[in-house]
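J.: One structure is given below, represented as structure tokens, and several questions about it will come after.
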């Protein structure tokens, strides 16, 4: 499923709001390559996406043969043993507390860890008798966020197509997100990137502690329009703060 770019198409709305299920990628590959100190860029620019949804193509940073590389992965992890690609929709997020024991994630946690750039993400606040109100969460300094991620390479047993897929690691919320949701993407500080990306780092207990330390950036947030609920609405307007009373 790829969200159409640049507007709203006719037809019924598709409201897909899983935990940590939407984020934004507003810049070209070079911006993320510079920020994440990448050695090799292996991808052409993706169009700006103000409503990244599960199974969209996203940027990811991984280490291969001693090089830090920026590529594109499909969001929704397909473990190597998956029989078909439908499994991906169930594996967009991986809980930090249980990575080492989950069959879908344990192999990737051991050797295939990545960083997933984002400019911000959405969470939905439950309001009694009114439903859910989306909020946009971001670094007020304007820097990209570094989501901890896992990746996997999968071959379609029917077509033989090779897909590189990823999942975002989630953990307990920080003080900004806690009023909105009980989970959030884990964000790693720059000092931890090398250890997380190193495929030869077998200290999985230490990596798991790193995920749960809450030492990411101090975040800001504001409520936004419910237009973001429809994944087809790939609009800069999604980020505009909601005016009181609207």
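J.: Give me a count of the residues in the range 78-106 that are more than 19 Å from the chain's Cα centre (by Cα) and either assigned to a helix (DSSP H, G or I) or within 16 Å of residue 196 (Cα to Cα) (or both).
T.: Here the count works out to 1.
J.: Filter the range 156-199 for residues that are outside any loop (DSSP other than H, G, I, E, B), without any contact (Cβ under 8 Å) to a residue 40 or more places away in the chain and touching a strand residue (DSSP E or B) at 6+ places or on another chain (Cβ under 8 Å) and give the result.
T.: 162
J.: I need the full set of residues from the range 201-223 which are touching a helix residue (DSSP H, G or I) at 6+ places or on another chain (Cβ under 8 Å), touching a residue at least 60 places away in the same chain (Cβ under 8 Å) and surrounded by fewer than 19 Cβ atoms within 10 Å (Cβ to Cβ), in order please.
T.: Result: 202, 204, 208, 212.
J.: Okay, next question. Consider only pairs whose beta carbons are under 7 Å apart and that are at least six residues apart or on different chains; among these, list those whose first residue lies in the range 68-90 and is at positive phi and crowded, with 17+ Cβ neighbours inside 10 Å and whose second residue is modelled with pLDDT of 95 or more and assigned to a strand (DSSP E or B).
T.: 76/165
J.: Scan the range 92-135 for residues that are touching a strand residue (DSSP E or B) at 6+ places or on another chain (Cβ under 6 Å), in contact (Cβ under 8 Å) with a residue 60 or more places away in the chain and more than 12 Å from residue 149 (Cα to Cα) and jot them down.
T.: 119, 120, 121, 122, 123, 124, 125, 132, 133, 134, 135
J.: State the number of residues belonging to the range 56-77 that are assigned to a loop (DSSP other than H, G, I, E, B) and closer than 16 Å to residue 162 by Cβ.
T.: 2
J.: All but one of (1) closer than 18 Å to residue 75 by Cα; (2) loosely packed, with under 14 Cβ neighbours inside 10 Å; (3) touching a helix residue (DSSP H, G or I) at 6+ places or on another chain (Cβ under 8 Å) hold for residue 162; state the number of the condition that does not hold.
T.: Single failed check for residue 162: (3).
The values are calculated or read from the model by the stated rules, or taken from the named source; none is laboratory data. Predicted model, so just to flag it, every value in this text is computed and none were measured. Every residue, glycine as well, gets a Cβ built from its backbone with ideal geometry; the counts of neighbours run over all protein chains shown.
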